[in-house]
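Enquirer: Structure in structure tokens, see below.
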Amino acid sequence: MLSIKRVPTVVSNYQKDEAADESVGCGRNCLGACCINGARLPLYACKKLEKSGAGEKLVISHEAREPPVAFLESLVLGEWEDRFQRGLFRYDVTACETKVIPGKYGFVAQLNEGRHLKKRPTEFRVDKVLQSFDGNKFNFTKVGQEELLFQFEAGEDGEVQFFPCMPLDAENSPSVVAINVSPIEYGHVLLIPRVLDCLPQRIDHKSLLLAVHMAAEAANPYFRLGYNSLGAFATINHLHFQAYYLAMPFPLEKALSKKMITTVSGVKISELLNYPVRSLLFEGGNSMQDLSDTVSDACVCLQNNNIPFNILISDCGRQIFLMPQCYAEKQALGEVSPEVLETQVNPAVWEISGHMVLKRKEDYEGASEENAWRLLAEASLSEERFKEVNDLIFEAIGCSNQEEELEGTIVHQQSPSGSVNQKSNRTHGGPITNGTASECLVLQ
Amino acid sequence: MSITKSSESVEESFNARYSLWIKEALDELPHSFTITDPFISGHPIVFASPGFLKMTGYSREEVIGRNGRAFQGPKTNRRSIMEIREAIREERPIQVNLLNYRKSGSPFWMLFHMIPVFEKMDGKVIQFVAVQVPISGQEHHHRKMRNGSGLSGDGSDRSELVYGSCRREVCLGAFVRKDRALPVECDEQGLENWEHCEASESEKLKAVEAVNNVLSILARYSELSGGLVCGKRYCLRGADCLSSSLVISLGRIKQSFVLTNPCLPDMPIVYASDAFLTLTGYKRQEVLGQNCRFLTGVDTDSSVLYEMKECILKGQSCTVQILNYSNRKDKSTFWNLLHISPVRNASGKTAYFVGVQVEASCRNAESEEVRPETRQLSVVGAVRVAVRSSFMVFSILGNMSGRCHI
């Protein structure tokens, strides 16, 4: 069994150190059976997704009717600022210094010294992507209701529906959006699909589609959703996506891509070029559901093959990046270079996308494209392993790799550190075991 | 498209920059181009050349006041859109191949060349000029060959087809493929390549020439009106001058708010939203540079003013109810539910204070809406994001000032 020690991120004020957790009685307005009766929260039901992947209408001839509530501008930011002014966050993220690292890629570095304070390292098992839910561990039914912003559902209608004060219906297990009390940027929230169903961190078609809905509803390319699987730096085994607002393109989004295949439903799958983490880009498709379902198929395949991965839902849900990774596994095996390890930066979805949250001032001040590249390259699968994984994915979604076509103008160049290409003979991220799903997640 | 301004106010803003007959002079140019104004909410087109109207099939009235995004459609490459967005944010020129749509709905390829127009005196971007040169597709063949030979080996066979499809689609409009029964894979192929049409060197030169012609007319007519503009940044923006990217972001916020700069003497207003001007009845040039106290009058409670001052000094946020005096036609007073918060820049330092005004009588508890308090706070949130990210751009500009020249 492989495990690593790391400081878990505190996403809720009710997330005590696990050992002490049990002593907390209720009376704290949580989502458990004890408190949920009578609880109310705004409900936002988004409009049904049209064929938005490709069927986007020309705007000039068509002024869409104003929704009753602007999802991102009024609801997310307004409720978030409200919690901010109520002092629910562990620190003021807007006081954290941030900069664009000079260079071609535009990695964004943030100095965040507060995020990992006051937590002791916990042991995490990293060799099992699927683990069953453990109600004794911290999960989102334990958060206080004040940390919830609103209920979110995929609408049946063509119109947005908003109810400012809707009872939480425990029977129907609402999906909720909650704050992350350790934000890495303004508006950092968690989307927790069907929170009361206590789903483990595991992609299913319906939940990913809900996340894509949320990206589409935000209608802003700078509001993205992300996902970390277990073994790829998820710290809580309760299904959740993260989202925040950063008004810059991520280096991952800027990377050139090379088309690999197009599925029968029209989803184009490309491989990123000249990016430190080998990744796939899914876009297009006859509908957004096609796109989402194709990515879900791919994720289910990775999960079944015990391959940790991250997802970035970008460009209002039009582009979805899938990044299989092996950093934690390498870390557990002692194969990550000490300088990289020393920074204590965990390459989860945001770091892999190019937003580096640094814990030490010296790392922030000395941040360079080369350092960022070196760190991310450690997370990448080797070239061979990435090919193997792609074959698994293509088989799972019913496509074999028919042809390769280059797109965009490609400038061949060396990676700044050159480290990606040199390690091509390792086989990291391989399926280790497909153990039984009943083993527990976090070791105390 | 966010807010569409009435054409008159858009026209007005354009005319104010230049001397008489500027439009007639621009109309003389044969090129297809548009001029946009980032300082108007929604970053709308303020001028469209006859060539542009002819190319897109729209009338001038349909185009003025619109954002350039209106001409993009489902097959417009997302990456190109991102590149243009970035160039605007970083206030630098960009040349990119772009698929746009005519009024009829038919798409066409063009070379999009956009440059910022600077005010010579203070280095501030005042407009963007975007030239559109139609792409004939002649070069596509060569490009495919180049890539094909290097990387896939069989590129030359396919390129013939691709080259054909690029031109054919442009002629036929939508994705109607009338011609012979191509195998499905080829069809797919054609569409994929259709996403990439390359401009020729002569088309690129044409775009540069057009941009220079437009610029020289703008320079000539701005000189006569006293505020010279140019295509180069001669000096760094002054501290009291907001970047166009920040102004574009702020322009999307529809509620009434102002930004004041606590680092300048007497904490003047440096940005006022359209809704603020409507609420208070003042014109923008009457409020910029002023301290907010012009809104108070004899009956304004001085203890509230004191409370606000204390909060500002401590760098805290506060919500107060204060009697304000408007400059509306009836010179009426109104109860302002005012929220003030400090706003930090990317280095974590307080750069501005935002003041969000809600007229107390207008607070309706409509059941379909977000609470008014939340709406008010959402403005604070949107301003925080806008300010934080615009300062991140600023740090790029500092590092690559050389790239700002055309």
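The values are calculated or read from the model by the stated rules, or taken from the named source; none is laboratory data. In this text the structure is predicted, and so the values were computed from the model without any measurement. Don't worry about glycine lacking a Cβ; one is built from the backbone with ideal geometry, like all the others, and counts go over all protein chains shown.
Enquirer: Is it true that B:THR34 is crowded, with 21+ Cβ neighbours inside 10 Å and within 12 Å of another protein chain (Cβ to nearest Cβ)?
Expert: Answer is no for this residue.
Enquirer: Follow-up question, since we're still on this one. Look at region B:276-292 and say how many of its residues are touching a residue at least 24 places away in the same chain (Cβ under 8 Å) and of a type in the set (A, V, I, L, M, F, W, C).
Expert: Number of matching residues: 4.
Enquirer: Next question. State all residues of region A:199-221 that are modelled with pLDDT under 95 and surrounded by fewer than 24 Cβ atoms within 10 Å (Cβ to Cβ); if no residue qualifies, say none.
Expert: Across region A:199-221, the qualifying residues are A:ALA216, A:ALA219, A:ASN220, A:PRO221.
Enquirer: Testing A:MET288 on (1) within 14 Å of another protein chain (Cβ to nearest Cβ); (2) touching a strand residue (DSSP E or B) at 6+ places or on another chain (Cβ under 7 Å); (3) more than 27 Å from A:TYR14 (Cα to Cα); (4) buried (at least 22 other Cβ atoms within 10 Å of the Cβ), one condition comes back false. Which one is that?
Expert: Looking at each condition in turn, A:MET288 falls short on (2).
Enquirer: Residue check: is A:LEU376 surrounded by 20 or more Cβ atoms within 10 Å (Cβ to Cβ), in contact with a strand residue (DSSP E or B) (Cβ under 8 Å, 6 or more places away or on another chain) and either within 29 Å of A:LEU210 (Cα to Cα) or not aromatic (Phe, Trp, Tyr) (or both)?
Expert: no
Enquirer: Say we look at region B:57-113 and pick out the residues that are hydroxyl-bearing (Ser, Thr, Tyr) and part of a loop (DSSP other than H, G, I, E, B); which of these is nearest to the chain's Cα centre (by Cα)?
Expert: Here the answer is B:THR76.
Enquirer: Would you confirm whether or not region A:257-274 contains a residue that is small (Gly, Ala, Ser) and without any contact (Cβ under 8 Å) to a residue 40 or more places away in the chain?
Expert: Yes - at least one qualifying residue is present in region A:257-274.
Here's the yes/no breakdown for (1) charged (D, E, K, R); (2) out of contact with any strand residue (DSSP E or B) (no Cβ under 9 Å at 6 or more places or on another chain):
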| residue | (1), (2) |
| --- | --- |
| A:ASP363 | yes, no |
| A:SER368 | no, yes |
| A:SER382 | no, yes |
| A:ARG385 | yes, no |
| A:ASN390 | no, no |
| A:ILE397 | no, no |
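Enquirer: Now a separate question. Pairs, please: C-beta under 6 Å, at least 6 apart or cross-chain, first residue away from every other protein chain (no Cβ under 11 Å) and charged (D, E, K, R) and in region A:94-117, second buried (at least 20 other Cβ atoms within 10 Å of the Cβ) and not in a strand (DSSP E or B)?
Expert: A:ARG115/A:SER182
Enquirer: Would you confirm whether or not region B:48-68 contains a residue that is in contact with a helix residue (DSSP H, G or I) (Cβ under 9 Å, 6 or more places away or on another chain) and among the basic types (Lys, Arg)?
Expert: Checked region B:48-68: at least one residue is in contact with a helix residue (DSSP H, G or I) (Cβ under 9 Å, 6 or more places away or on another chain) and among the basic types (Lys, Arg).
Enquirer: I'd like to check which strands (runs of 3 or more DSSP E) are fully inside region A:257-375 and have at least 3 residues that are more than 15 Å from the chain's Cα centre (by Cα) and at pLDDT below 95.
Expert: Once the strands (runs of 3 or more DSSP E) in region A:257-375 are filtered for at least 3 residues that are more than 15 Å from the chain's Cα centre (by Cα) and at pLDDT below 95, what remains is A:257-262.
Enquirer: Scan A:SER279, A:SER296 and give me the residue that is more than 14 Å from every other protein chain (Cβ to nearest Cβ), buried (at least 24 other Cβ atoms within 10 Å of the Cβ) and not basic (Lys, Arg).
Expert: A:SER279
Enquirer: Related question: From (1) surrounded by fewer than 18 Cβ atoms within 10 Å (Cβ to Cβ); (2) within 14 Å of another protein chain (Cβ to nearest Cβ); (3) modelled with pLDDT of 90 or more, pick out the condition that doesn't hold for B:LEU205.
Expert: If we test B:LEU205 against (1) surrounded by fewer than 18 Cβ atoms within 10 Å (Cβ to Cβ); (2) within 14 Å of another protein chain (Cβ to nearest Cβ); (3) modelled with pLDDT of 90 or more, just (2) comes out false.
Enquirer: Got at least one residue in region A:141-152 being in contact with a Ser or Thr (Cβ under 8 Å, 6 or more places away or on another chain), under 27 Å from A:ALA216 (Cβ atoms), within 10 Å of chain B (Cβ to nearest Cβ) and not acidic (Asp, Glu)?
Expert: No, region A:141-152 contains no residue that is in contact with a Ser or Thr (Cβ under 8 Å, 6 or more places away or on another chain), under 27 Å from A:ALA216 (Cβ atoms), within 10 Å of chain B (Cβ to nearest Cβ) and not acidic (Asp, Glu).
Enquirer: Something else about it: Please find, within region A:215-256, the residue that is nearest to the chain's Cα centre (by Cα) out of those that are outside any strand (DSSP E or B) and polar (S, T, N, Q).
Expert: A:SER229
Enquirer: Got at least one residue in region A:72-81 being of a type outside the set (D, E, K, R) and closer than 18 Å to A:THR9 by Cβ?
Expert: yes
Enquirer: Oh, and also: In region B:57-88, which residues are in contact (Cβ under 8 Å) with a residue 60 or more places away in the chain, more than 28 Å from A:LYS258 (Cβ to Cβ) and within 9 Å of chain A (Cβ to nearest Cβ)?
Expert: Result: B:ARG66, B:ASN67, B:ALA70.
Enquirer: B:LEU99 - would you say it is within 14 Å of another protein chain (Cβ to nearest Cβ), closer than 25 Å to A:LEU281 by Cα and at pLDDT below 90?
Expert: no
Enquirer: Additional query: Output the residues belonging to region A:73-116 that are part of a helix (DSSP H, G or I) and either farther than 22 Å from A:ALA178 by Cβ or of a type in the set (Gly, Ala, Ser) (or both).
Expert: Passing the criteria: A:SER74, A:GLY78, A:ALA95.
Enquirer: Sticking with this one: Give just the number: which of (1) within 11 Å of another protein chain (Cβ to nearest Cβ); (2) free of Cβ contacts under 8 Å to residues at least 60 places away in the same chain; (3) surrounded by fewer than 21 Cβ atoms within 10 Å (Cβ to Cβ) does B:LYS54 not satisfy?
Expert: (1)
Enquirer: Quick one: which residue in A:PHE138, A:PHE150 is outside any loop (DSSP other than H, G, I, E, B) and in contact (Cβ under 8 Å) with a residue 24 or more places away in the chain?
Expert: Working: A:PHE138 fails: outside any loop (DSSP other than H, G, I, E, B).
Exactly one residue qualifies, and that residue is A:PHE150.
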